[in-house]
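Colleague: Got a structure for you, questions after.
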Amino acid sequence: MHLIITIVAIATLFTGILYTSQIKNSDNQSGENEEVLSISQENNEENTSLPEPTLTIFPTNPPLSPTPKNLPTAKPDFIDYRYPSSEILSESSSEISFSSSDSVDSITQWYKDKIKGSGMNVKTFVTTKTNDKVENVLVGSNYEIEIRVEIKKEPSHDNVTISLTKSSL
């Protein structure tokens, strides 16, 4: 086994040496074919001095900050996120709860479309269903606010509860 490895190493070394020598020979042959088309020399003392370098200072601009895309024209209001055919259960300045008899899937899809359509950049959609208990969480945010929607359906209830929370970033 050692003999085979030694033979392969020597063969690789020999191949590398041959390859390197061929490259050097081809470089020498190509250098022999080069021609100088013209040489211009002037013995004028005025032309032998080099020009003085000049320093140009450009004004610096403050760095530009990236502009977020799909910015909403106005801050979304809770009324914009009220699910159609829902009843308001409770309301505060940063949270509102609704109730609806529609299916969880149609309510979830409506909020997905609403968040995407509002120009939200960060979107999270989590759907959980265990033993007929459903809890879906949808989150969207832009440069100013975050909207969090929790859609819950208990197996013993006919209506779906929608909780909407708005927070400033």
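Colleague: Across the stretch 85-102, in residue order, what do the Karplus-derived ³J(HN,Hα) couplings come to in whole Hz, using 6.51 cos²θ - 1.76 cosθ + 1.60 with θ = phi - 60° and x for Gly and Pro?
Modeller: Rounded to whole hertz, the list is 6, 10, 10, 6, 9, 8, 8, 9, 6, 10, 8, 8, 10, 10, 9, 8, 9, 6.
Colleague: Just to verify a number: FRET efficiency for S118 and S92, C-beta to C-beta distance, R0 = 22 Å, to 0.05? Mind dumping the intermediate values first?
Modeller: Numbers: r = 21 Å, r/R0 = 0.95.
The pair S118/S92 has a calculated efficiency of 0.60.
Colleague: Kindly write out, for the stretch 6-14 in residue order, the coupling ³J(HN,Hα) from the Karplus curve 6.51 cos²θ - 1.76 cosθ + 1.60 (θ = phi - 60°), rounded to whole Hz, with x marking Gly and Pro.
Modeller: Listing the rounded values in order: 5, 5, 5, 5, 5, 5, 5, 5, 5 Hz.
Taken together, the values in this text are just the output of simple stated rules run on the coordinates, not laboratory data. Keep in mind the model is a prediction, meaning the values are calculated, not measured. When we count neighbours, we look across all protein chains shown, and the Cβ atoms used for this are built from the backbone with ideal geometry, even at glycine.
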